[in-house]
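Asker: This is the structure I want to talk about, given as structure tokens.
The values are calculated or read from the model by the stated rules, or taken from the named source; none is laboratory data. Given the structure is predicted, the values throughout are model-derived calculations rather than measurements. When we count neighbours, we look across all protein chains shown, and the Cβ atoms used for this are built from the backbone with ideal geometry, even at glycine.
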Amino acid sequence: MIQELKNKEFYMNSNDDVLTPEEYSGRILTGNYSIELKKRVEDLLDIYRAFERTGNPAMPYISAWQEEEMKIWYEFASGRFVDLMNCKISELAEVLRKSVTDRIIYRHPDKDASIEKKVFSSGELVAEREKLREEGRKEGIDAVYKISCNKTKSIWLKDVATVETYKQDRISLSLGYLTVVTKEMKAEEERVEREKLQVLLEMAGAVCHELNQPMQAISGYSESLVLNVKKDDPLYSKLNKIMELTRTMGDITGKLMKITRYETKDYVQGIKIIDIDKSSGRNT
């Protein structure tokens, strides 16, 4: 940062001799924190600004939070990151928090174990945030965020970061970079949808095969019985109802056999079930 003195205006922090650029919008360099922490942030700003000038597509950032507040702010954020979120850097943490609709966490428990993957909805993130931060301090967590830019467009950002904790200042720093991985995540979503559809088709075929034979038997018995029952007999209407319901079941199995995509609908208490009509291309 010192080499930039000739090109930028700096002012002296009243607490110590840390030089702070006027464009700086963080809290640590101008706050009542240790020299160690301030020097660390100053060095990081120097490194990250130099990285930004290379034109690398990755978007570096330095975020921070104080244990008592648990409210994140940014000491530094790539200009591309700020532009992407269409806000000021001082608003970035809050805008990002509100824009995240899903977050996929990739854990690395040890060198020999497979990578663990867990998807959190925006609601679950609120309850899990502190736990995730603690895990990030201990072992590091890679994450992918689904960001809702507007009502019609979403993007995916991959976040790779490490966390440093300064106990004296009760401050934690997250040092990381973001990359846009929308294309890769869409390909992954399509692959998952294909796998879901394949499972659904196999299940639908098995269900239809198992149901068709007993349904045909029920239909045959009902038709045979109705021929021997007079129309004014109470059994006549009941037998006709059985045949009608059997035809309805046949229509359902027919839809199952025509499923071409994976579509769901709300059922009860947040549970989703397969929407047979939409999945089979029929809306009745």
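Asker: Please go through segment 32-76 and pick out each residue that is surrounded by 17 or more Cβ atoms within 10 Å (Cβ to Cβ) and hydroxyl-bearing (Ser, Thr, Tyr).
Answerer: Result: 33, 48, 61, 63, 74.
Asker: Inside segment 242-284, can you point out the residues that are among the acidic types (Asp, Glu) and modelled with pLDDT of 85 or more?
Answerer: Here is the first cut: in segment 242-284, the ones among the acidic types (Asp, Glu) are 244, 251, 263, 266, 275, 277.
Residues satisfying the conditions are 244, 251, 266, 275, 277.
Asker: Okay, next question. Pairs, please: C-beta under 6 Å, at least 6 apart or cross-chain, first residue assigned by TED's automatic domain parsing to the domain that holds residue 209 and in segment 242-254, second among the small types (Gly, Ala, Ser)?
Answerer: 242/222; 243/222; 246/219
Asker: Would you point out the residue of segment 65-81, among those that are in a strand (DSSP E or B) and touching a residue at least 60 places away in the same chain (Cβ under 8 Å), that is nearest to the chain's Cα centre (by Cα)?
Answerer: If we filter segment 65-81 for residues that are in a strand (DSSP E or B), which is where we start, we get 65-66, 73-77.
Still in the list and also touching a residue at least 60 places away in the same chain (Cβ under 8 Å): 65-66, 75.
Working: 65: 23, 66: 26, 75: 25 Å.
Across segment 65-81, the extreme among qualifying residues is 65.
Asker: Still on this structure, please answer the following. Among the listed residues 254, 270, which satisfies the condition of being more than 30 Å from residue 82 (Cα to Cα) and either exposed (fewer than 12 other Cβ atoms within 10 Å of the Cβ) or β-branched (Val, Ile, Thr) (or both)?
Answerer: 270
Per-residue answers, yes or no, for (1) touching a helix residue (DSSP H, G or I) at 6+ places or on another chain (Cβ under 7 Å); (2) surrounded by 11 or more Cβ atoms within 10 Å (Cβ to Cβ); (3) farther than 30 Å from residue 56 by Cβ; (4) of a type in the set (Phe, Trp, Tyr):
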residue	(1), (2), (3), (4)
176	no, yes, no, no
184	no, yes, no, no
202	no, no, yes, no
213	no, no, yes, no
218	yes, yes, yes, no
227	no, no, yes, no
